[in-house]
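A.B. asks: Take this structure, written in structure tokens, and hold onto it; I'll ask about it next.
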Amino acid sequence: MFLIVDGAEDQMEFSYDDDSEKGPARWGKIRHEWSMCNNGSLQSPIDLLDARVDVVSDLGTLQDSYRACNATLKNRGHDMMLKWQADAGYIPINGTQYTARQCHWHSPSEHTINGKQFDLELHLVHDSPNASIAVIGILYKIGKPDPFLTQMMDHLEDLSDSINEEKVIGMVDPKQIKIVSTKYYRYIGSLTTPPCTQDVLWTLVGEVRTVSKEQVKFLRKAVHDVSSIATRSLEYDNLLTYMLHVILSLMNQDHVINGLDSESGNVTSQTIWQNI
């Protein structure tokens, strides 16, 4: 399960350069098990457009039951990944406990809101006992330093220019990322790096946080500035049919859902919910 949650470990296996033979348009052909990158219909990231959002008020407050746990930091070449070595706690979503496994950063952001791209995006990746994946995404704009990144800076510096090297950094509490929010977006998508696994439950925190220009610059420098283009293009053709009961289990009760086929009972487009 960790391999799926982590995505491709070796940055040399794929590229974010559209002109490269290993670029995003060709990810699905590099390995058979990466075929979803080209063939999947629920791919991420996406543009969170107001016109595609169903506003609901009963998804509940985004809360966590995280705890401090030993962690390692790894320079994966395309990003920096912090990985917890044991049980770092969980978030409950619709009765399922999703355990925190790792987090990493993308700059600029992969997701956009109404076409606006942000300076940084953090992905906090979880899995559950039934092998389903949930990702919490947080968007950042330039401003005051991010406290969580501030405490990582010395460790990040130690791994600068050391691709595929990792360092044990001691106890790290996911609570310090501060995901708690009453406003967020939710949709079904995929991992944004190979193998592009689908049916990922995405939650994007509605409040845009701040990060300093120096912190963003350092993250890019640590991975040879590859991160300046280490973002997958937006995916627009997310049209995989989804059974109605899956959607209802996510929303906890019946709602009018965009894209519902009244004859088949299936959802025929990727629906985005916004909790307010």
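A.B. asks: Farthest toward the dipole's positive end in the stretch 1-134, which of LEU120, MET36, GLY23, given Cβ charges of +1 (Lys, Arg) and -1 (Asp, Glu) about the Cα centre?
C.D. replies: MET36
A.B. asks: Can I ask one more? Sorted from largest down, give the three principal axis spans of the alpha carbons of the stretch 22-124, whole angstrom values.
C.D. replies: Projected onto its principal axes, the Cα set of the stretch 22-124 covers 39, 37, 29 Å.
A.B. asks: Right, another one. Would you mind listing how long the stretch 30-89 runs along its three principal axes, going by Cα atoms, in whole Å with the largest first?
C.D. replies: Largest first, the stretch 30-89 extends 42, 40, 18 Å along its Cα principal axes.
A.B. asks: What residues qualify as long-range amide H neighbours of GLY143, i.e. H under 5 Å apart, gap of 5 or more or another chain, H built at 1.01 Å from N?
C.D. replies: VAL211, SER212, LYS213
A.B. asks: For LYS116, give me every one of the lysines with a C-alpha distance below 17 angstrom, ignoring sequence neighbours fewer than eight places off in its own chain.
C.D. replies: Correct list for LYS116: LYS141.
A.B. asks: For a distance above 12 Å, tell me the whole-number percent of Cα pairs in the stretch 148-199 that qualify. Display every interim value, and only then the final one.
C.D. replies: Numbers: 1029 of 1326 pairs.
Summing the P(r) of the stretch 148-199 above 12 Å gives 78 percent of all pairs.
A.B. asks: Within straight cross-link reach of LYS29, meaning Cα distance under 26 Å, which lysines are found once same-chain residues fewer than 8 apart are removed?
C.D. replies: none
Bear in mind that the values in this text are calculations on the coordinates, not laboratory data. If you're wondering where the values come from, they're calculated on a predicted model, not measured in any experiment. Glycine also receives a Cβ, built like all others from the backbone with ideal geometry; neighbour counts cover every protein chain displayed.
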